[in-house]
Amino acid sequence: MTRLDNPVWNALMTTHQEFAIGTPVAKRYPANVLPFVSFSPIAVNPLGSLDNVMNGTEVVCIVGNLPELPVSWTILNELVCNQMVCKELKEVKKDQSIQLSKLGQKEEIEMFELINGIQPGFYKDHTASVGNYFGIRVNGTLAAMAGERFKMTGMTEVSAVCTHPDFTGKGFAAQLVSTVCKNIIEQGNLPFLHVLSSNSRAIQVYERLGFVTRRCITFWLLQQHKKQ
């Protein structure tokens, strides 16, 4: 379970190693997939080894403890989150009127526009390639979605949980997270997720589904100054 203290590194070193670019001590996802950078916890100045895979202007994110930052890197923001795990999924009453379906490549543009209109910055053009995603439509419009993000041996993160403001309060998030979790559990993995510690409404939804908070963990938004 301590692998969750450094989830991005452990994902890129195991199940998601096909996405890993960088060096033996620091790795990242491709910029058009996910904006996350990671590093070995025993490395010295690991971010300094990533110059060749950074464009110098993009905003990236580190989850967990920060390494020593090179002088060319700046902290833009820190987001304190609850890291939650679900060891026993609780049943949710299924609403038969909800049109829930699996999303794929042909829905990439819809997915990108929906989540970036609500939670911009973390979901990129090809984020859908990292896992399975599900959505709910209302009159043909994608109204809500959820899916998988970081995957490591034995664990998969639930992510991209969002509902368009016109359709909140209908229980869409609970239905979607339940579906994603069932899919993860069927693969023999433990579901986990990250949610802003200030988002009490979402935390209550996750707790009703069986999630418990493991620890608080920080998402650090960083930018490297472009070299002249």
Placing one equal point scatterer on each C-alpha of the chain and summing with Debye, one gets log10 I(q)/I(0) at q = 0.07, 0.10, 0.12, 0.13 Å⁻¹ equal to -0.22, -0.45, -0.65, -0.76
Once the Cβ-Cβ distance between E108 and S40 is put in as r, and R0 is 45 Å, what FRET efficiency do you end up with, to the nearest 0.05? 0.90
In sequence order, what are the phi-derived ³J(HN,Hα) couplings for segment 78-93 according to the Karplus relation 6.51 cos²θ - 1.76 cosθ + 1.60 with θ = phi - 60°, rounded to whole Hz, with x for glycine and proline? 10, 10, 7, 10, 8, 9, 10, 10, 10, 7, 8, 6, 8, 5, 10, 5
Charges at C-beta only: +1 for Lys and Arg, -1 for Asp and Glu. How large is the resulting dipole of segment 83-215 about its Cα centre, in Debye rounded to 20? 400 debye
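Counting helices only, and only those DSSP H runs with n ≥ 4, report the 222 nm mean residue ellipticity of the chain as the sum of -39,500 (n - 2.57) divided by its residues, in deg cm²/dmol to the nearest 500.
Only helices count here, giving -5000 deg cm²/dmol.
What is the packing order of peptides 139-147, 4-12, taking the mean over residues of other C-beta atoms within 10 Å and listing the highest first?
Details: 139-147: 19.1, 4-12: 23.0.
Final packing ranking: 4-12, 139-147.
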Might you report the magnitude of the Cβ-based charge dipole of the chain about its Cα centre, with Lys and Arg at +1 and Asp and Glu at -1, to the nearest 20 debye? 360 debye
Pop out the ³J(HN,Hα) list for segment 207-217 in order, Karplus 6.51 cos²θ - 1.76 cosθ + 1.60 with θ = phi - 60°, rounded to Hz; leave Gly and Pro as x. 5, 5, 8, x, 6, 10, 6, 8, 5, 8, 9
Pairwise centroid distance, computed over Cα atoms, of segment 194-228 with segment 1-62, Å: 18 Å
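Taking the mean number of other Cβ atoms within 10 Å as a proxy for protection, how do you rank 96-107, 204-215 from highest to lowest?
Put in order of decreasing packing, that is 204-215, 96-107.
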Excluding same-chain residues fewer than 8 positions from K182, which lysines have a Cα within less than 19 Å of its Cα? K87, K90, K93, K94, K102, K151
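Just so you know, all these numbers are worked out from the coordinates, no wet-lab data involved. No experiment lies behind these values; they were computed from the predicted model shown. When we count neighbours, we look across all protein chains shown, and the Cβ atoms used for this are built from the backbone with ideal geometry, even at glycine.
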